[in-house]
Amino acid sequence: MTFENLLTSNDNGIFTITINRPDKLNALNKKTVSEIGEAVKGAKSDNSVKAIVITGSGPKSFVAGADIAEFVGLSTEQGKALAQAGQDVFRSIETCPKPIIAAVNGFALGGGCELAMACHLRIASDNAKFGQPEVNLGLIAGYGGTQRLIQYIGKSKAAELHMTGDMLNAEQALNLGLVNYVVSPDQLIAKCTEIIEKIKSKSPKAITGVINSVNAYYENGVDGFKAEIDEFGKCFATEDFKEGTSAFLEKRKPAFTGK
Ligand code: COA
């Protein structure tokens with residue numbers, strides 16, 4: 001498989017997907033989201049793959065969010081379709097029968113935080129930063145972030161992060177239970193490999209059973225995912241959203257009016 005925006009490798013049963021748009025801090029445009037879906041689907045059906053690692057290219061960013069440049073001019077319906085497509089791919093990660101680890105090597109913001117949260121485990125380098133800064137754009141999370149952040153850190157802290165757009169550093173993310181381990185950047189892949197080697201020694205069927213059972217605990221959140229799509233879509237009809245995205249692209253502060 002070759003991709004426009006991903007690098008992939010299969011090394012001793014570990015399939016690594018590297019999101020490769022470093023000049024845009026690996027922002028997820030539509031093409032990249034769909035390529036991640038294809039790569040996971042391919043790895044799922046490849047018997048030589050025992051586990052998957054998802055990471056970002058370059059030293060600075062895992063994924064700095066959905067590609068804001070692609071938001072411009074979208075309607076409510078197009079916004080909802082974008083959220084649905086992202087949620088479908090992220091759900092395919094969450095429900096993949098093989099373990100998927102996010103190796104978070106820097107910014108994991110917006111869709112990047114949501115991608116990391118869709119993985120089964122998260123290992124962060126000590127320069128990682130997590131956040132859902134969509135409110136700065138007059139928007140909310142759309143790729144499952146309102147639902148999954150609650151699952152990891154609880155309703156109160158999740159609401160705060162979504163409302164303020166504040167970032168968590170790696171240590172804070174660890175203390176809140178959002179990530180499993182924090183290591184130095186040069187140890188990131190080694191730590192993922194160490195955990196995968198441990199998992200690989202267990203029954204693959206039992207590991208799939210763990211994934212399915214852990215997911216089942218949260219199945220009642222499914223209406224929340226639909227609510228998120230509707231609310232995400234509504235944002236695209238607001239003046240605030242137009243102002244927020246224009247301000248980001250024009251590199252200035254937004255002036256929101258509440259319209
Ligand atoms: N979508 C599109 N482009 C993005 C992006 C995104 N989510 N995040 C970063 N980029 C682009 C920048 O526009 C810039 O492109 P340019 O060099 O062509 O101008 C490039 O990536 C580097 O980003 P820059 O902002 O210059 O880096 P920085 O170190 O000053 O800041 C961040 C890093 C992550 C704090 C900042 O890029 C940012 O706030 N990104 C948006 C985060 C966000 O709101 N995510 C949620 C989106 S729904």
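Which shape class applies to segment 191-259: rounded if a/c is under 1.5, otherwise prolate when a/b exceeds b/c and oblate if not, where a ≥ b ≥ c are the square roots of the Cα gyration tensor eigenvalues? Oblate, since a/c reaches 1.5 and b/c is not below a/b.
Each label point is 7 Å from the Cα along the Cα-to-Cβ direction; what then is the distance between the points at ASP166 and ALA81, in nm? Between ASP166 and ALA81, the simple spin-label model gives 3.8 nm. Each 10 Å bin from zero holds the following percent of Cα-Cα pairs in the chain: 7, 32, 38, 18, 4, 0. Under the convention that each Lys and Arg Cβ holds +1 and each Asp and Glu Cβ holds -1, the size of the dipole of segment 1-136 around its Cα centre is about 200 debye.
Fraction of C-alpha pairs exceeding 20 angstrom in segment 1-154: 44 percent, rounded to a whole number. Taken along the Cα-to-beta-carbon direction at a fixed 7 Å, the label points for LYS155 and LEU7 span 4.4 nm. Legend: calculated FRET efficiency, LYS60 to LYS234, from the Cβ-Cβ distance at R0 = 41 Å, rounded to 0.05, equals 0.80. Could you pull out the pairs from LYS80/LYS251; LYS41/LYS198; LYS80/LYS155; LYS129/LYS259; LYS155/LYS226 whose alpha carbons sit more than 28 Å apart here? Exceeds cut-off: LYS129/LYS259. Residues within the reach of a label modelled at ASP186 (point 7 angstrom out along Cα to beta-carbon, backbone nitrogen below 16 Å), restricted to segment 114-131, are 125-127. From helices alone, the chain scores -14500 deg cm²/dmol at 222 nm; the rule is -39500 (n - 2.57) for each run of n ≥ 4 DSSP H residues, then divide by the residue total.
Spatial offset of segment 165-237 relative to segment 89-123 amounts to 5 Å, using the alpha carbon center of each. Evaluated with a Cβ-only charge set (Lys, Arg +1; Asp, Glu -1), the chain carries a dipole of roughly 420 debye about its Cα centre, given to the nearest 20. Neighbour counts of other Cβ atoms within 10 Å put CYS113, CYS119 in the fewest-to-most order CYS119, CYS113. Quickly work out the ALA69-to-VAL214 label distance, labels modelled 7 Å from Cα along the C-beta direction, and quote it in nm with one decimal. If labels sit at VAL214 and ALA69, their model points lie 3.6 nm apart.
Values quoted throughout were computed directly from the atomic coordinates according to the rules given, and no laboratory measurement underlies them. What you are looking at is a predicted structure, and each value in this text was computed from that prediction instead of being measured. Because the Cβ atoms are built from the backbone with ideal geometry, glycine has one as well, and the counts that use them run over all protein chains shown.
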